[in-house]
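This report concerns only the one structure given below.
The values are calculated or read from the model by the stated rules, or taken from the named source; none is laboratory data. Because the structure is a prediction, the values reported are computed rather than measured. Virtual Cβ from ideal backbone geometry, glycine too; neighbours counted across all protein chains shown.
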Amino acid sequence: MCIFCKIVDGEIPSNKVLEDDNFIAFHDINPTAPIHVLVIPKEHIESFSDVDADLMAKMTPFIQDVVKKLGLDESGYRLVTNIGSDGGQEINHLHFHILGGGKLIWKHYQESDPKRSI
Ligand code: AMP
């Protein structure tokens, strides 16, 4: 069972922000912004590449509610989902990062293999 499925089952504790029948939002254990919250579906879905439109249609207002609860709707925030190896996905259970609480930097690419072009 993946680590986020264990959080869904309560086997691993999490610092929850909001929960409903389909989703949980909880604080990232290793925050990279003053506010760093993850939103996951309770169902195990590997990544954004595998999510269907019906679930995304429910996930969107849930994420918006989390943003409001965190007080980020006025100041702004970043919503990110990493997909696969190049995307930097470490946990293969769909999650959106909500990042905010201060000005965020915008930098993505680290040249590790000069033979590979983007
Ligand atoms: P990603 O690299 O997009 O797969 O992001 C995975 C995120 O999960 C990272 O930001 C981790 O800090 C976070 N994370 C890993 N384990 C936990 C946990 N037990 N509780 C909260 N966040 C976690």
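Counting residues that are on the phi < 0 side of the Ramachandran plot and touching a residue at least 60 places away in the same chain (Cβ under 8 Å), which strands (runs of 3 or more DSSP E) fully inside the stretch 1-114 reach at least 1?
23-27, 35-41, 96-100
Looking at ILE118, is it in contact with a Phe, Trp or Tyr (Cβ under 9 Å, 6 or more places away or on another chain) and modelled with pLDDT under 95?
It is true that ILE118 is in contact with a Phe, Trp or Tyr (Cβ under 9 Å, 6 or more places away or on another chain) and modelled with pLDDT under 95.
Has the stretch 46-64 got at least one residue that is near the ligand (Cβ under 8 Å from one of its atoms) and surrounded by 13 or more Cβ atoms within 10 Å (Cβ to Cβ)?
No, the conditions are met nowhere in the stretch 46-64.
When the residues of the stretch 67-108 are filtered to those that are within 16 Å of the ligand (Cβ to nearest atom) and more than 17 Å from THR32 (Cβ to Cβ), which remaining residue is surrounded by the fewest Cβ atoms within 10 Å (Cβ to Cβ)?
Across the stretch 67-108, the extreme among qualifying residues is SER85.
Just wondering, is there one or more residues in the stretch 7-23 that are surrounded by fewer than 17 Cβ atoms within 10 Å (Cβ to Cβ), among the hydrophobic types (A, V, I, L, M, F, W, C) and in contact with a helix residue (DSSP H, G or I) (Cβ under 6 Å, 6 or more places away or on another chain)?
So far as the stretch 7-23 goes, yes, one or more of its residues are surrounded by fewer than 17 Cβ atoms within 10 Å (Cβ to Cβ), among the hydrophobic types (A, V, I, L, M, F, W, C) and in contact with a helix residue (DSSP H, G or I) (Cβ under 6 Å, 6 or more places away or on another chain).
Can you confirm whether ILE12 is within 10 Å of the ligand (Cβ to nearest atom) and either at pLDDT below 95 or over 26 Å from LEU104 (Cα atoms) (or both)?
Judged against the criteria, ILE12 is a match.
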